[in-house]
């Protein structure tokens, strides 16, 4: 295998590629070509997206995965895939499709088959799930909701600053797809848990994450147990769902890259 020379970064809900800026610069300095494409409808200036997020209305997991698949298939060789939150779910979908040289899912939203439903996850998702009409809408988080679910390890002022810099309204449909996946045989978050030739996968949990607590990530890891493909789990103590941006992100970014390099050597 030719060692990958490209890293594709996939953001999650309520974020844009801007959330990857530090990682992008760090990985470029390490010699990689780094791509951080936006979800369909989230392209362009963040202020423009905030003013009119309607292009994201109704966007679901499959459409987002298809968007990244088209980009990846245009590359000369399989890249390293790194995704956060629903971006981590997309990474798993893409690996299940046979794409990528290695994949890393940071605080990934649950794939089909994960049955746990922690109270903090329910509370963090309620701004969207409390209204069925939100399935076809975009829904934003208040600074207080962002602090509780995303950035609970930061103080209120730093969390507010992160919200002002990175937050956009997000499509509600992916949350509904994940919430009801176990009742849908063709769920968008379904992956081939036994795929023998899947690229290596690293599942990363933040020890203080409220949206995707470690128990959800550990269960996802357990669901892959029947696959002979490499599937590993690591937990960073005291990290929130804002694991890619909170202080200490460098440790996580370096661990991710070191792991991917070992797996693709």
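The values are calculated or read from the model by the stated rules, or taken from the named source; none is laboratory data. Please read these numbers as outputs of a predicted model, since none were measured by experiment. Counting neighbours? That spans all protein chains shown, and the Cβs are built from the backbone with ideal geometry, glycine included.
Before moving on, here are some points about what is shown:
- Total residues in segment 74-125, condition farther than 30 Å from residue 147 by Cβ and in a helix (DSSP H, G or I): 3
- Considering residues of segment 1-16 that are within 13 Å of residue 39 (Cα to Cα) and touching a strand residue (DSSP E or B) at 6+ places or on another chain (Cβ under 7 Å) only, the residue surrounded by the most Cβ atoms within 10 Å (Cβ to Cβ): 10
- Test set (1) without any contact (Cβ under 8 Å) to a residue 60 or more places away in the chain; (2) under 20 Å from residue 168 (Cβ atoms) - residue 74 fails condition number: (2)
- Condition check for residue 104: within 29 Å of residue 186 (Cα to Cα) and touching a residue at least 40 places away in the same chain (Cβ under 8 Å): yes
- Of everything listed in (1) in contact with a helix residue (DSSP H, G or I) (Cβ under 6 Å, 6 or more places away or on another chain); (2) closer than 17 Å to residue 188 by Cα, the single unmet condition for residue 63 is (1).
- Annotation note: of 253, 205, the sole residue that is in contact with a strand residue (DSSP E or B) (Cβ under 6 Å, 6 or more places away or on another chain) and touching a residue at least 60 places away in the same chain (Cβ under 8 Å) is 205.
- Exactly one residue out of 223, 173, 198, 239 is under 19 Å from residue 19 (Cβ atoms) and surrounded by 17 or more Cβ atoms within 10 Å (Cβ to Cβ), and it is 239.
- Checked against (1) in contact (Cβ under 8 Å) with a residue 24 or more places away in the chain; (2) closer than 17 Å to residue 13 by Cα; (3) out of contact with any strand residue (DSSP E or B) (no Cβ under 9 Å at 6 or more places or on another chain), residue 143 meets all criteria but (1).
For (1) over 25 Å from residue 29 (Cβ atoms); (2) over 15 Å from the mean Cα position of the chain (by Cα); (3) not in a loop (DSSP other than H, G, I, E, B), each residue gets a yes or a no:
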residue	(1), (2), (3)
199	no, yes, no
205	yes, no, yes
212	yes, no, no
221	yes, yes, yes
226	yes, yes, no
240	yes, no, no
255	no, yes, yes
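- Exactly one residue out of 142, 153 is surrounded by fewer than 16 Cβ atoms within 10 Å (Cβ to Cβ), within 24 Å of residue 247 (Cα to Cα) and over 15 Å from the mean Cα position of the chain (by Cα): that is 142.
- Remark: pairs (first residue in segment 50-63, at positive phi; second residue part of a helix (DSSP H, G or I) and at pLDDT 95 or above; Cβ separation under 7 Å; 6+ apart in sequence or on different chains) = 58/136; 58/173.
- Residues that are more than 25 Å from residue 176 (Cβ to Cβ) and part of a helix (DSSP H, G or I) are absent from segment 57-70.
- Residue ID - farthest from residue 176 (Cα to Cα), chosen from residues in segment 122-136 that are within 20 Å of the chain's Cα centre (by Cα) and either surrounded by fewer than 17 Cβ atoms within 10 Å (Cβ to Cβ) or without any contact (Cβ under 8 Å) to a residue 12 or more places away in the chain (or both): 123
- Segment 1-49: number of residues that are farther than 18 Å from residue 76 by Cα and not in a helix (DSSP H, G or I): 16
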